[in-house]
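Please read the structure below before turning to the comments.
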Amino acid sequence: MIKIGVLASGRGSNFQSIIDSIDSGAIDAKVACLITDNPAAYAIERAKLHNIPHVYINPAGSKDIFYKTIAGELIACGVELVVLAGFMRVVKKPLIEAFPMRIMNIHPALLPSFKGLHAQRQALEYGVKIAGCTVHFVDEGVDTGPIILQEAVPVLSDDTEESLSARILECEHRIYPRAIKLYIEGKLSVTGNTVRIED
Ligand code: GRF
C-alpha cells in the first residue's frame, strides 16, 4: 500500500475527500502525514480526527531550508506520492527534486487558463462560459506541470465567485481521488508535458 503525504495550508476539503476515498476503499493508500505551513489550518483538525500525524513547518526564512525540511519529513514518513491540497505556496526545487513527477496539485481552473491565485474570480472577470478544475503534476512553474485530469462546469449568468467556487469544488473532490487512484494503479506515464492514461 503506498504512502501519501499531504501538504495543506487551510480548510482542507480536498484533503478530506482523499481521506474519505481511502476510508471507503476506493483508494488503496495511507496518508502517512499532513504537513502544513499554517498552525491554524483546519486541515490539522481533520488529521487529528483520523489519527494522521501532522507537522507544522514554519515557512519564515530561507525557502531552501523550508522545502528541504518538508522533503526530509516526507522521506522520513516513507511517502511515495506528495499531494498538494490547498497548499498556498509555489513549491521550490529541493522538494521537486526529491519527488520528481511524484507531486500532484489541484487548481480550480481549466489550465492553462487562469493560473495563480483567485482562479475562479479570474474566470468570472474574463467572462468564460465554461470553468473547471485541473489535477497536474508539479514542476517548477506556477500551475504549469503535466495535466492528469480535468473536469468542466458551466458558468451561470448569475454566478458569484462563491457560487462558481462551490460548483468547481464539487468536481475537485471527484477528480483528485481519481487522479491519485490512477497513479497508485501505475496507469500514468509522463512524456514531456503530456500524461498518458492507460485504460
Ligand atoms: C481549492 O480550491 C484548490 O483547488 C486550491 O485551493 C483550494 C483548497 O481548498 N488549490 P481546500 O483547502 O482543499 O478546501
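Observations
- Candidate set: the stretch 153-177, residues that are among the charged types (D, E, K, R) and over 12 Å from the mean Cα position of the chain (by Cα); chosen: the one least open to solvent (accessible area, probe 1.4 Å): D159
- Enumeration of residues in the stretch 55-79 that are within 12 Å of P94 (Cβ to Cβ) and not acidic (D, E): S62, K63, I65, F66, Y67, K68, T69, I70, A71, G72, L74, I75
- Selection of first residues in the stretch 77-101 that are within 17 Å of Q16 (Cα to Cα) and of second residues that are among the basic types (K, R) and part of a loop (DSSP other than H, G, I, E, B), restricted to Cβ pairs under 8 Å at least 6 apart or on distinct chains, gives the following pairs, ordered by first then second residue: L81/R102; V82/R102; G86/R11.
- The residue pairs whose first member lies in the stretch 113-137 and is within 30 Å of T191 (Cα to Cα) and aliphatic (A, V, I, L, M), whose second member is open to solvent by less than 50 Å² (accessible area, probe 1.4 Å) and in a strand (DSSP E or B), and whose beta carbons are closer than 7 Å, counting only pairs six or more residues apart or on different chains, are A119/H107; A123/A131; A131/V153; V135/M104; V135/I106; V135/I148; V135/L149.
- Within the stretch 1-10, being assigned to a loop (DSSP other than H, G, I, E, B) and within 16 Å of the ligand (Cβ to nearest atom) holds for S9, G10.
- When the stretch 1-21 is filtered for residues that are under 16 Å from I175 (Cβ atoms) and either assigned by TED's automatic domain parsing to the domain that holds E185 or over 14 Å from the mean Cα position of the chain (by Cα) (or both), the ones remaining, listed by number, are D20, S21.
- Residue within the stretch 177-195 that is among the small types (G, A, S), in contact (Cβ under 8 Å) with a residue 24 or more places away in the chain and not in a loop (DSSP other than H, G, I, E, B) present: yes
- Yes/no for A71 being out of contact with any Cys (no Cβ under 9 Å at 6 or more places or on another chain) and away from the ligand (no atom under 16 Å from the Cβ): yes
- Residue pairs whose Cβ atoms lie under 9 Å apart, separated by 6 or more positions or on different chains, with the first residue in the stretch 1-20 and under 21 Å from F99 (Cα atoms) and modelled with pLDDT of 95 or more and the second among the hydroxyl-bearing types (S, T, Y) and not in a strand (DSSP E or B), are I2/Y183; A8/Y42; N14/Y176; I18/Y176.
- Residues (open to solvent by 70 Å² or more (accessible area, probe 1.4 Å) and away from the ligand (no atom under 16 Å from the Cβ)) located in the stretch 11-47: D23, S24, D28, K30
The values are calculated or read from the model by the stated rules, or taken from the named source; none is laboratory data. No experiment lies behind these values; they were computed from the predicted model shown. Don't worry about glycine lacking a Cβ; one is built from the backbone with ideal geometry, like all the others, and counts go over all protein chains shown. All accessible areas refer to the heavy atoms of the entire protein, side chains included, with ligands and DNA or RNA removed. Shrake-Rupley method; radii C 1.70, N 1.55, O 1.52, S 1.80 Å.
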